[in-house]
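Structure first, then comments.
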Amino acid sequence: MNTLNNSLNVNIGGIRMRNPVMTASGTFGYGSEYADFVDLNRLGAVVVKGVTSVPWSGNPMNRIMETPSGMLNAIGLQNVGVDGFIAEKLPYLQDFDVPVIVNVCGKTVKEYLTVVEKLSVVEGVAGIELNISCPNLDCGGMSFGVDAKLAHELVKEVKVKTQLPLLVKLSPNVTDITVIARAIEEAGADALSAINTLLGMAINVETRKPELANITGGLSGPAIKPVALRLVWEVYKSVSIPIVGMGGIMTGTDAVEFFIAGASAIAIGTANFVNPKASLEVVEGINSYLDNANMKSIKELVGSLKVDV
């Protein structure tokens, strides 16, 4: 473990964490699924899978497949609903000394607000991460995350309903991510998560049918890391609130790249499927980097990219 005092402590939008390594929503279940492999108390934060106002069954099979250097998924946000989460999943996490951040999804503003209000009055929730990649049924199915006005209005309404720190997860499937990021910051978000998955698809050449029943899915894993790094850097230059970087992080070195690009914390996603202990190995990798660089704080790395002008 690191010998430097408090070198990994971070504060992300009001959430104090012992280190900057979080779990990415949708890749770590509700935490209990990984507890046999990972000491949850050693994580910076546990971000649980998306929670909705009522249980969702998700998309039909096939809904996940491996791709070169990554994976496609079209799970469809299957979950137990906010009442089920509070009654069945949250009590387990309350026994750990780790911040719990709940990813919140919805198809209308009202659905988001219902979930946020219920989470805001229970013990054990440290923060909320809004998944704005959901289709807004009130606007014909357009994703909240691809329209700056929709994103701003959603975040503004959510902020009225909760005192919890609010992170917003950015979609990369936009023309200019900085426009969305600034709109969300102006609406009162406390931090940004960057990025969600890239939209992709795969085709079976024998049947000439899509490999996924949903046709398209979210691409994640090492294949998207260069894109994620670029978007974190662009967002960092555009906003003043903290950024949680994610997208293909497998090692401590990967994580350090995101800090240099401008992230104040990072989240481990697809790596959890390959190596259940990946998050803790990344923590130790960051420790080693700081030791070798003789740095006293992770903050010395954030946004330290050297660009010749």
> Amide H to amide H under 5 Å from Leu199: which residues, 5+ apart in sequence or cross-chain, H placed 1.01 Å off N in plane?
Replying inline: Leu219
> Which loop-located GluC sites (Glu not before Pro) does segment 166-210 contain, where loop means any DSSP state but H, G, I, E or B and the Cβ has at most 10 other Cβ atoms within 10 Å?
Replying inline: Glu206
>> Let me check against my output: what whole-number percent is the relative contact order of the chain, with C-alpha pairs under 8 Å and at least 6 apart?
In response: 20 percent
>> Using 21 Å as the Cα-Cα cut-off, could you pick out the over-long pairs in Lys49/Lys89; Lys49/Lys107; Lys89/Lys118; Lys110/Lys149; Lys107/Lys209?
In response: Lys107/Lys209
>> Among Gly285, Val227, Ala181, which residue has its Cα furthest toward the positive end of the charge dipole of the chain, with +1 on Lys/Arg Cβ and -1 on Asp/Glu Cβ?
In response: Ala181
> Do the sum for the chain: with -39,500 (n - 2.57) for every DSSP H run of n ≥ 4, divided by all residues, what is the mean residue ellipticity at 222 nm, to the nearest 500 deg cm²/dmol?
Replying inline: -8000 deg cm²/dmol
>> Using the Kirkwood radius over C-alpha pairs as Rh, can you work out the diffusion coefficient of the chain via Stokes-Einstein at 25 °C, viscosity 0.890 mPa s, in µm² per second?
In response: 127 µm²/s
> How large is the dipole of segment 93-226 about the Cα centre if only Lys and Arg carry +1 and Asp and Glu carry -1, each at its Cβ, rounded to the nearest 20 debye?
Replying inline: 340 debye
> Dividing the alpha-carbon radius of gyration of segment 185-309 by 2.2 N^0.38 Å (N being the number of residues), what value is obtained?
Replying inline: 1.22
>> Let's see if you can work this out: charge +1 on each Lys and Arg Cβ, -1 on each Asp and Glu Cβ, no other charges. What is the dipole magnitude of the chain about its Cα centre, in debye to the nearest 20?
In response: 360 debye
> Where does segment 28-131 land on Rg/Rh, using Cα atoms and the Kirkwood Rh?
Replying inline: 0.99
>> Sorted from largest to smallest, which semi-axis lengths in Å does the alpha carbon gyration tensor of segment 54-104 give for its equivalent ellipsoid, taking the root of 5 times each eigenvalue?
In response: 27, 16, 8
>> I need the phi-derived Karplus couplings for segment 23-32: 6.51 cos²θ - 1.76 cosθ + 1.60, θ = phi - 60°, integer Hz, Gly and Pro marked x.
In response: 9, 7, 4, x, 10, 10, x, 9, x, 5
>> For the pair Asn275/Asn173, report the inter-label distance in nm, with labels modelled 7 Å from Cα in the Cβ direction.
In response: 3.0 nm
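Values in this text are rule-based calculations from the coordinates and carry no lab data. Keep in mind it's a predicted model, so treat the numbers as computed, not measured. Cβ coordinates were reconstructed from backbone atoms using ideal geometry, including for glycine residues, and neighbour counts include every protein chain displayed.
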